[in-house]
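Taking it in order: structure first as structure tokens, then the write-up.
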Amino acid sequence: MSDTQTIAVATQATPRKQRGVPSFVYGLILPVTAAALYELAFRMGMVEARLLPAPSRIAETLLKLARSGELSVHIAATLMRIAFGFGLGAVTGVLLGVLTGSSITARRLLDPTLQALRAIPSLAWVPLFILWLGIFEPSKIALIAVGCFFPVYLGVMGSIANIDRKIVEVGRAFRLSRTALARRILLPAILPDTIVALRSGLGLGFMFVVAAEIMGASEGLGYLLVDGQQLGKPDQILASILCFAVLGKLSDWIIVIATRPLLTWQDSFARSE
Amino acid sequence: MLRLAHLNKVYANGACALDDVTIDIEAGEIVTLVGGSGCGKTTLLRLVSGLEHPTSGTVSVDGEAIFAPHPAIGMVFQEARLLPWLTVAQNIGFGLAHLPAGECKDLVEDALLKVGLAGYGTRWPRELSGGQAQRVSILRALVTKPKVLLMDEPFSALDALTRGSLQDHLLALWDAHRPTLVLVTHDVEEAAALADRAIVLQPRPGRVFADIRVELPRPRDRLSQDFAETKRIIMNALDGSLSQPALSKNNAGATAGSWW
């Protein structure tokens, strides 16, 4: 009897906030502890820190870059490329995904070609893009757009294919027009999958911006990486990597926060990640 | 009022689901369609709803032919089919989008009250039990005040206790506006509990086998002798419909599809 009571209490308590501690604090435990331990080992002279600089050294480098205004230039350049590349890739991905998802003719016509293009490693396009678009921004943006396009396209097309036909039939039974059906049934139905697709597209955007900047740029976080390698400054490389980690996590978080009001109806289980 | 005239339905694969089905239903009548699996009872309901089209024959409501889903006809499916991204209240008000928000809200709250779900309006469908979800689904079809309400085995997925209570809820809701009610079921008890007329269909191809008038007064006592007798009559007809060989009623030429 008392057993069943405790179980009931426990299941009731789990979805609630865990006693005041914000959940992101848990996420910080591992990296912060690791950094602190390494710093300690470095201070005690236990590690040779020439190739893997101590966290304090990385922080110092970051601060120096920030003070001189360099860091904001690099971050702005990288974010600008991602914004344009991801914007272009995501918009075309959503449009073509909706098209092939909702029309069998369009799917038969377009999907095989797009799948074949997807099989090409995106980096293989680089020489062609440089020949066509030059070595400056357009070729970089094109590469990022290609990288972002495929996960978004596949996600949107798949989400339309997965719409429950029984629910669409409810719309028909209530005599919704084609536009009303799209707005009141299809759009909300594909929204969760589409948001996941956009998030993975953005993740790939960060991957390809690094590739683009490593291959030739005079500014951007990727340029900082190459520069750090050529000048033997591992602290600068790690500073740049740290920026990527923070920016990537932050931009993903922005998508999650911005779309949360649209997805409150989903199971709290899916939301609690 | 609701007239099904000489309905035939042959699917693209050649399967004949319905063969010359004619049924006339009075306004406010409760008709249950009973039959074994494959007798075309769900197909018949979908033809009436306008979601599917007959191969030949017509469906009409008050003389108006039905070709597509029609405002006078409401439909409740076997599963609740609530939209998961809408709250319970928004789901019920789904067919009321043309009304002012205040009026819609009043209708919805009034409806929830009638089925014992007052205060559930702000919940999400995933928070409801099967029986609650089906009640919401019935309200969604009824708030638009259709002249005809079609129900496709609406309680078949529920346990016996919940089913009984939902049948009572349904009768109470029906009593408010007295729509014509056509309900498909394979449950003889359900047919006896609800029907003014229990129409038994025979399978392969689907035809009307028996049309049984149930004269029991409401509310019906499910333990009474008369109720048991009604169940027995329907059960007998159902047995007969299943053992009946698929004979052609009038012309031998029409059985070409069933020679094997």
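The values are calculated or read from the model by the stated rules, or taken from the named source; none is laboratory data. Computed from a prediction, not measured in an experiment: that's the story for all the values here. FYI the Cβ positions are ideal-geometry reconstructions off the backbone, even for glycines, and counts take in every protein chain you see. For the accessible areas, the whole protein counts, side chains as well, though only heavy atoms, and no ligand, DNA or RNA atoms are used. Shrake-Rupley method; radii C 1.70, N 1.55, O 1.52, S 1.80 Å.
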Length gained if A:Ala59 through A:Ile135 is fully extended, taking 0.36 nm per residue and subtracting the Cα-Cα distance, is 24.1 nm
Under the Karplus curve 6.51 cos²θ - 1.76 cosθ + 1.60, θ = phi - 60°, whole-Hz ³J(HN,Hα) for the stretch B:60-73, x wherever Gly or Pro sits: 9, 10, 6, x, 9, 5, 9, 10, 8, x, 10, x, 7, 10
Within the set A:Leu225, A:Leu40, A:Leu204, GNM on chain A using Cα springs under 10 Å gives the largest fluctuation to A:Leu40
If I build a Gaussian network model for chain B, linking alpha-carbon pairs within less than 10 angstrom, which residue out of B:Asn13, B:Asn91, B:Asn236 has the largest mean-square fluctuation? B:Asn13
Determine the percent antiparallel among the DSSP beta bridges restricted to chain B, to the nearest 5. 50 percent
Counting only protein heavy atoms, what percent of the accessible surface of the stretch A:54-271 is carbon or sulfur at a 1.4 Å probe? 69 percent
For chain B, find the longest principal axis of its Cα atoms and tell me its angle to the long axis of helix B:101-114, 0 to 90°, nearest 10. 70 degrees
Anyone know which of B:His98, B:His177, B:His169 comes out most mobile in the 10 Å Cα GNM of chain B? B:His98
222 nm mean residue ellipticity, helices alone, for chain B (DSSP H n ≥ 4; -39,500 (n - 2.57); rounded to 500): -10000 deg cm²/dmol
Between the stretch B:3-75 and the stretch B:172-219, the Cα center-to-center distance that results, in Å: 15 Å
According to a simple spin-label model (label point 7 Å from Cα along Cα-to-Cβ), what is the distance in nm between A:Ser72 and B:Ala97? 4.7 nm
How many nm is it between the label spots at A:Ala124 and A:Leu231, if each spot is 7 Å from the Cα in line with the beta carbon? 3.7 nm
What does the structure give for A:162-170 when I average, per residue, the other chain Cβ atoms found within 10 Å of the residue Cβ? 4
XL table A:Lys64/A:Lys249; B:Lys41/B:Lys114; A:Lys166/B:Lys231; B:Lys41/B:Lys105; B:Lys145/B:Lys231; B:Lys9/B:Lys114; Cα-Cα > 28 Å flagged, in table order, is B:Lys41/B:Lys114; A:Lys166/B:Lys231; B:Lys41/B:Lys105; B:Lys145/B:Lys231; B:Lys9/B:Lys114
Students often check this: by mean Cβ neighbours within 10 Å, which of A:183-194, B:132-143 ranks highest, and how do the rest follow? B:132-143, A:183-194
How long is the protein assembly as shown along each principal axis, judged by its Cα atoms, biggest number first, in Å? 96, 64, 48
For chain A, dividing by residue count, accessible area per residue (probe 1.4 Å) in Å² works out to 62 Å²
Antiparallel DSSP bridges in the protein assembly as shown: what percent, to the nearest 5? 50 percent
Pairwise burial A:B, computed as accessible area of each alone minus the pair, summed, 1.4 Å, Å²: 1900 Å²
Net charge of neighbours whose Cβ lies under 15 Å from the Cβ of B:Ala111, counting Lys and Arg as +1 and Asp and Glu as -1: +1
Per the helix-only model, chain A has a calculated mean residue ellipticity at 222 nm (DSSP H runs of ≥4, -39500 (n - 2.57) each, divided over all residues, rounded to the nearest 500) of -25500 deg cm²/dmol
Using a 1.4 Å probe over the heavy atoms of the protein chains, calculate the carbon and sulfur portion of the accessible area of chain B as a whole percent. 54 percent
Can you compute the FRET efficiency between A:Val91 and A:Leu117 using 1/(1 + (r/R0)^6), with r the Cβ-Cβ distance and R0 = 22 Å? Round to the nearest 0.05. 0.80
Relative contact order [Cα under 8 Å, 6+ residues apart], the stretch A:54-271, whole percent: 26 percent
Using alpha-carbon coordinates, inclination of helix B:225-243 to the longest axis of chain B, degrees: 50 degrees
Label point distance in nm, B:Asp159-A:Thr179, each placed 7 Å from Cα along Cα→Cβ: 4.9 nm
At least 50 Å² of accessible area lost relative to the chain alone, listed for the stretch B:73-110 with a 1.4 Å probe: B:Arg81, B:Trp85, B:Phe94
